[in-house]
Amino acid sequence: MKFIHSYKTVLLISALMASALFLQACGGSPDVQEPERPLAVSTALAQSEVTPATHTFPASVVSTQEARLSTIVMGTITQLDVNEGDRVRRGEVVARIKDDQIRAQLMQIQAAKLQASAGYELAAASFRRITNLFEQESATRHELDEVTAAYNMAKAQLEMLDASEQEVREMLAYTVIRAPFDGVVSRKFMRTGDLAAPGHPIVTLSSPGLLKVRAHLPESLVSGIQPGDVVRYSIPAAGMELLEVALTRINSTGDQMSRQFSAEALLPFSADTTGVRPGMFASLHLSVTDDPAIFIPQTALVHRGQLTGIYAVTESNQAVLRWVRTGREHEGRVEIISGLREGERYISELESPVRQGQLLSW
């Protein structure tokens, strides 16, 4: 057994020596790894800057002269022949409301007025006669006081009926809805046979003259704008995009529910000269200078699924993938809200694949 063990040892040593001699004869030596070559990239330093931010708000095209026609009496609509888009002239009848009860009331008042007028004439004649007799000392003070009181009561009764007649005539006038100006029916709320009620609009009438764009702005932006500021508007249906116009009015009181303030801009044309019509959808674009922020080129972004990142450059010139949170976009650049600090270097353009920890040069 001892002989066998010694024999195996000799064979192992011989094999090792033979391998060494073979490597020496062939001139072999262990491989030496070449140093990594830096990847040439374009880099930039992150810097904060002030940029104008564009905010877009939905708006509507409205007429500078607009009226919601309604009535102060309640009754059934007996005539409403106009439709949306119809043109009407000033004074033209737009709608009629059933007035039978009001006319009956007017007739009752007129009948009472005739009776009161006769009583007034009689009281006035008695007053004049007794007054003359009293001046001639042919009537007593008591008789004069009686006819004076009767005269005053008859006069008051007649004046009260006159006022009642005037009130009923005004109510009767509200049963006929007329156009207050030349315009176009922009909206129709009711139809013939519907019940009209006080405060409920029947139609909306818009003037076909000058137009304006109206939008509602949040309270956070109102303090930074004022009438006269130049903004941009778009009306897609008319093929108008990003045209400049000056703000003409900003409501000083906002809506208590939405906390929004209405703003208007007068358009430099009328509906008669363009394809723009009241009620069209529009957009109002405001450019507001925001606080300083870091913006980088969009070519520096790395997208992995729903994650967005950049390659930052370490002090040892190595690439480090860092996830960031982005914000606004402006002229091919994007705001970095978090993930990159001012003064840090990053790869500004990914011209070739970059791996984590890769040595860089620029």
message = Just to verify a result, which residue in region 345-362, among those that are small (Gly, Ala, Ser) and assigned to a strand (DSSP E or B), is surrounded by the fewest Cβ atoms within 10 Å (Cβ to Cβ)?
response = 361
note = The one condition residue 212 fails out of (1) of a type in the set (Lys, Arg); (2) farther than 30 Å from residue 287 by Cβ; (3) touching a residue at least 60 places away in the same chain (Cβ under 8 Å) is (2)
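Considering only strands (runs of 3 or more DSSP E) fully contained in region 41-93, which possess at least 1 residues that are within 18 Å of residue 333 (Cβ to Cβ) and of a type in the set (Asp, Glu)?
Because the criterion is at least 1 residues that are within 18 Å of residue 333 (Cβ to Cβ) and of a type in the set (Asp, Glu), no strands (runs of 3 or more DSSP E) in region 41-93 meet it.
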request  = Any residue in region 335-354 that's under 19 Å from residue 316 (Cα atoms) and of a type outside the set (S, T, N, Q): show its pairings with residues that are modelled with pLDDT under 90 and in a strand (DSSP E or B) at Cβ separation under 8 Å, as long as the two are six or more apart or on different chains.
outcome  = 342/48
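From the list 284, 247, exactly one residue is touching a residue at least 40 places away in the same chain (Cβ under 8 Å), within 21 Å of residue 60 (Cβ to Cβ) and out of contact with any Gly (no Cβ under 6 Å at 6 or more places or on another chain). Which is it?
Numbers: 247 fails: touching a residue at least 40 places away in the same chain (Cβ under 8 Å).
Being touching a residue at least 40 places away in the same chain (Cβ under 8 Å), within 21 Å of residue 60 (Cβ to Cβ) and out of contact with any Gly (no Cβ under 6 Å at 6 or more places or on another chain) holds for just one of 284, 247, which is 284.
Given the residues 90, 68, which is the only one that is under 30 Å from residue 193 (Cα atoms), open to solvent by 60 Å² or more (accessible area, probe 1.4 Å), among the basic types (Lys, Arg) and touching a Phe, Trp or Tyr at 6+ places or on another chain (Cβ under 8 Å)? If you could, list the steps in order and put the result at the bottom.
On the way: 68 fails: touching a Phe, Trp or Tyr at 6+ places or on another chain (Cβ under 8 Å).
Of the residues listed, the single one that is under 30 Å from residue 193 (Cα atoms), open to solvent by 60 Å² or more (accessible area, probe 1.4 Å), among the basic types (Lys, Arg) and touching a Phe, Trp or Tyr at 6+ places or on another chain (Cβ under 8 Å) is 90.
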inquiry  = Considering only region 152-162, I want to know if a residue exists there that is in contact with a helix residue (DSSP H, G or I) (Cβ under 7 Å, 6 or more places away or on another chain), open to solvent by 60 Å² or more (accessible area, probe 1.4 Å) and of a type in the set (S, T, N, Q).
reply    = yes
note = Of the residues in region 176-194 that are open to solvent by 70 Å² or more (accessible area, probe 1.4 Å) and outside any loop (DSSP other than H, G, I, E, B), the one that is farthest from residue 91 (Cα to Cα) is 187
inquiry  = For region 316-341, which positions are surrounded by 14 or more Cβ atoms within 10 Å (Cβ to Cβ), aliphatic (A, V, I, L, M) and assigned to a strand (DSSP E or B)?
reply    = 319, 320, 321, 334, 336
request  = May I ask you to list pairs of residues, at least six apart or on different chains, whose Cβ atoms are under 6 Å apart, with the first in region 122-139 being farther than 24 Å from residue 158 by Cβ and modelled with pLDDT under 95 and the second being open to solvent by 30 Å² or more (accessible area, probe 1.4 Å) and in a helix (DSSP H, G or I)?
outcome  = 139/133
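Test residue 146 against the stated conditions and say whether it is touching a Leu at 6+ places or on another chain (Cβ under 8 Å) and in a helix (DSSP H, G or I). If you could, list the steps in order and put the result at the bottom.
Numbers: touching a Leu at 6+ places or on another chain (Cβ under 8 Å): no; in a helix (DSSP H, G or I): yes.
No.
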query = Does residue 309 qualify as being of a type outside the set (Ser, Thr, Tyr) and open to solvent by 30 Å² or more (accessible area, probe 1.4 Å)?
reply = no
inquiry  = Restricting to region 195-226, count the residues that are crowded, with 17+ Cβ neighbours inside 10 Å and part of a loop (DSSP other than H, G, I, E, B).
reply    = 4
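Of all residues in region 253-282, which are small (Gly, Ala, Ser), open to solvent by 20 Å² or more (accessible area, probe 1.4 Å), within 16 Å of the chain's Cα centre (by Cα) and under 26 Å from residue 209 (Cβ atoms)? Break it down stepwise before answering.
Here is the first cut: in region 253-282, the residues small (Gly, Ala, Ser) are 254, 258, 262-263, 265, 270-271, 275, 279, 282.
Adding the requirement that they be open to solvent by 20 Å² or more (accessible area, probe 1.4 Å) leaves 254, 258, 270, 275, 279.
Right, trim to within 16 Å of the chain's Cα centre (by Cα) and you get 254, 258, 279.
279 - this is the single residue of region 253-282 that is small (Gly, Ala, Ser), open to solvent by 20 Å² or more (accessible area, probe 1.4 Å), within 16 Å of the chain's Cα centre (by Cα) and under 26 Å from residue 209 (Cβ atoms).
The values are calculated or read from the model by the stated rules, or taken from the named source; none is laboratory data. Just so it is clear, the structure is predicted and the values come from calculations on it, not from any experiment. Using ideal geometry, Cβ is built from the backbone for each residue, glycine included, and neighbour counts are taken over all protein chains shown. Just so you know, the surface numbers come from the protein's heavy atoms only, side chains and all, with ligands and any DNA or RNA stripped out. Shrake-Rupley method; radii C 1.70, N 1.55, O 1.52, S 1.80 Å.
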